[in-house]
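This report concerns only the one structure given below.
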Amino acid sequence: MKKVLIIFCFLLAACSMFDNKSAEVTFHIPELPEQMQQLEVTGWRVTVTSVDNRKEFTTRKHEFKASVPVSGITAVMAYPVGGWGTLKPAGFIVHGNLKAHNYMTWDDGFAAECTAYSLTAGAGSENFNFTLFQEKLMEKSEGNPWCLNRDRVIYTLSYGIFNMNYIKKAESHTLSLPLPGTGTWYSGTPGCIKQFMQHDGYINDLVITEGENIFINPATGEGITIYADRLTWICISGTAGGLSGYW
């Protein structure tokens, strides 16, 4: 009987140790900014990435529960999804700041996405100052971290050589896009929305960074995605089909 009791206690202790390695907590997704309130969000694509695990699921609610490691680094993101496409995410980086309720922000979406990619590559030092990292991203981008060179930040994070001097803005271009209709379009970055006017068959002076760019018209529910590199751009539009050109 004593032997059975000892084995049972050992198993109970082992389970307790395992449970202490992770915790199921609640994450809260922020509301879309006022300019985007008209958009019909069909769901939030959530990703939870740690060094040795990545989970992805969809929720329609503004809060969700997820099991995350108590120690170490975890990047949590929530992307708004609808018929107009997918906007840039809200984010939260777990780095010793885990609570029962954790509030995601649009400002931290870029930092969380960069961190998720670096974690997938095997990085994830707990000694890294993520609070300073997030502050510097906002400072050097003047409030819009999505204008930064994301690939460069991910590369340096992944190889553990990150230095604040590596934070640079991505190359950008200006485009007047031929598209029928009129109205107001916004960049698909809820943390730092920029407005663009459409008239005379053009959306004027779109600021395009190299990589993926999303623009939406909340009044009509339309969305366009523009992929750009140093030489060319390609636009995917439900209204005008495919458009492309050179800088």
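Taken together, the values in this text are just the output of simple stated rules run on the coordinates, not laboratory data. Computed from a predicted model, the values in this text were never measured in an experiment. Cβ: placed from backbone, ideal geometry, glycine included. Neighbour counts: every protein chain shown.
Figures for the structure shown
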item: Low-density loop cleavage sites - GluC sites (Glu not before Pro) in region 129-196, where at most 14 other Cβ are within 10 Å (DSSP); result: GLU142, GLU171
item: Formal net charge of residues neighbouring PRO30 (Cβ-Cβ distance under 14 Å; K, R +1; D, E -1); result: -3
item: Rg to Rh, two decimals, where region 21-166 supplies the alpha carbon set and Rh follows Kirkwood; result: 0.95
item: Lysines whose Cα lies under 20 Å from that of LYS136, excluding same-chain neighbours fewer than 8 positions away; result: LYS88, LYS168, LYS169
item: Debye-sum result for region 150-202 in log10 I(q)/I(0), which assumes one identical scatterer on each alpha carbon, at q = 0.15, 0.16 Å⁻¹; result: -0.64, -0.68
item: Two-decimal ratio, the chain, of alpha-carbon radius of gyration to 2.2 N^0.38 Å; result: 1.19
item: Theoretical gain in end-to-end length, GLU135 to ASP200 [0.36 nm per residue, Cα-Cα removed]; result: 19.3 nm
item: Neighbourhood net charge (13 Å Cβ-Cβ; Lys/Arg +1, Asp/Glu -1) for GLY83; result: -2
item: Alpha-carbon centroid distance for the pair region 158-235 / region 77-105, whole angstrom; result: 21 Å
item: Crossing angle, helix 109-120 versus the chain [Cα axis fit, 0-90 degrees, rounded to tens]; result: 60 degrees
item: Degrees between helix 130-140 axis and first principal axis of the chain (Cα, 0 to 90, nearest 10); result: 10 degrees
